[in-house]
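Coordinate-derived values only; no laboratory data. All figures in this text were calculated on a predicted structure; none of them were measured in a lab. Here the Cβ positions follow ideal geometry from the backbone for every residue, glycine too, while neighbour counts run over all protein chains shown.
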Amino acid sequence: MTIRDLLLARAEQDTPALLTRDRTWSWRELVADATARAAAVESMLDPDRPPHVGLLMDNTPDMLLGLCAAGLGGHVAVGVNSTRRGDALLADLHRADVQVLVTDATHRPLLDGLDLTGINVLSTSSRTDTVVELVDTTPHPSDGSLFMLIFTSGTSGRPKAVRITHEKVTYPGQYLAERFGLTGDDVHYLAMPLFHSNAVMACWAPALVTGAAVALREKFSASEFLSDVRHYGATYASYVGKPLTYVLATPEQPDDADNPLRIVFGNEAGDRDVQAFGDRFGCLVVDGFGSTENAVVVSKLPGCPPGALGWPGEGVAVHDPETGEECPPAELDADGKVTNLDECVGELVNTTGAGQFAGYYNDEEATAERKRGGMYWSGDLAYRDADGWVWFAGRTADWLRVDGENLACAPIEQVLLRHPAIDQVAVYAVPDERSGDQVAAALVLRDPLTPEAFEQFLDDQRDLSPKARPRYVRVVDALPRTATHKVLKRDLTAAGTADATWTREERGTRYRRM
């Protein structure tokens, strides 16, 4: 089954397919508009280069229609992370072999000053609305054909483009539709960014399978969440990271449960938020574990202990990355503390192979690192308890996950070292009280630095992602190091945040002294 198959099957269907506050598209209109866009974009492609078309937009109709156009089979969509800046953004475009970049007025300024030689920038305002027919010369994709590239961050700090095949979208779409009993009468609320796998695979894909309507939110808003759900009649929604936390932080109202929402599915929410969200809004919240590579599956099944990741899918195990052997289960003392962490913690692997992981584009070395010895190595540390449940234990590489986004430490450190007052820096993860990580930075200064000056400096760094701004800053006399002068980041993490010198407000940019 391909995305093309699913779209063309509804080309003459007049039920709603795409909903916004300004307009509704039927399936007939959606497929016709996507066909016209595909023809317009493909007429600009150089046949001697990879047919890769970048999409640099928020969740606008143009973004979703751009994915539909690629799904029809003539080119490959590249989801461009809109939080990337400067040379980092340009490197992503070149690494993915983007030859046409579709953007809008909101994001066009991000390209100012960049050398875009070889990249044809197409504004959404210049697109064609002419309705055309799909011609027989349009390549007909198979389920294993490349549909999209989605960037993720890896152990080296350099984003990698994950190869997303048609099957990698249609399979989870079919699985989730069956698992949750979704039908064409449902309305899927899509507020997570469409350059991310969660929005594509967990929200858009099941709507493609069932013919349900997608209600599109340009950017997630906690304060508008419930209003949107009621306005669109949304019955299903997806999330990644901390959206549940943000919605729960809005003022509680006595009629919060008076809404059509039935099911919310995502990953990285804490058990407390999952329970509180379901109770407050009268819906079922299902939290899972996965990644863009989608090679290791761990599911929360009935009986899952609080705090555990869940039950491992077929072939999923915990192996020692040094020996390759499976790790023994965790042993607990009378207080429930794991007493054999050194032996039981290992890397989550898929012993049966790479699953649906089709490799990284233009990065054979990184692909080989994931696929070693006939198994897929996730880079995530975990252990299993005596009953077989999987528990998360950290990450093998020097990177962290904030609001559903992987961030590498080294690039952030390089940015901070540009400040003349900063002599040494170590960026590391500290646990978020809800889920995932927060960015922390330990600074050794050569000259005095105020939190106000630090904030202004970060404002001026165009290539620094907004999510990479440190939440906690410790000004220290020296960094803990090994005998070979490597920074002991585990010591920094273990110290916690109680002695942070400055703390940034949770959803802002201002720092305050502790």
May I ask you to order 37-48, 498-509 by the average number of other C-beta atoms within 10 Å around their residues, highest value first? 37-48, 498-509
Sort Ile422, Ile150 by Cβ crowding within 10 Å, fewest neighbours at the top. Ile422, Ile150
Honestly segment 399-513 on the Cα gyration tensor test (a ≥ b ≥ c root eigenvalues; a/c under 1.5 rounded, otherwise a/b vs b/c for prolate or oblate) is just rounded
May I ask what percent, to the nearest 5, of DSSP beta bridges between residues of the chain are antiparallel? 60
By its C-alpha gyration tensor, with a ≥ b ≥ c as the square roots of the eigenvalues, how is segment 220-288 shaped: rounded for a/c under 1.5, else prolate for a/b larger than b/c, else oblate? rounded
Sorted on mean Cβ neighbours within 10 Å (highest first), peptides 344-355, 280-291, 19-30, 92-103 come out as 92-103, 344-355, 280-291, 19-30
Over 23 Å between C-alpha atoms is what I'm after, so list which of Lys371/Lys467; Lys219/Lys467; Lys168/Lys219; Lys168/Lys300; Lys242/Lys300; Lys160/Lys371 land there. Lys371/Lys467; Lys168/Lys219
Could you order peptides 259-270, 356-367 by the average number of other Cβ atoms within 10 Å of their residues, highest first? 259-270, 356-367
So what is the relative contact order for the chain, in percent, with contacts set as C-alpha pairs under 8 Å and at least six apart? 11
The alpha-carbon center of segment 179-219 and that of segment 253-330 are separated, in whole Å, by 19
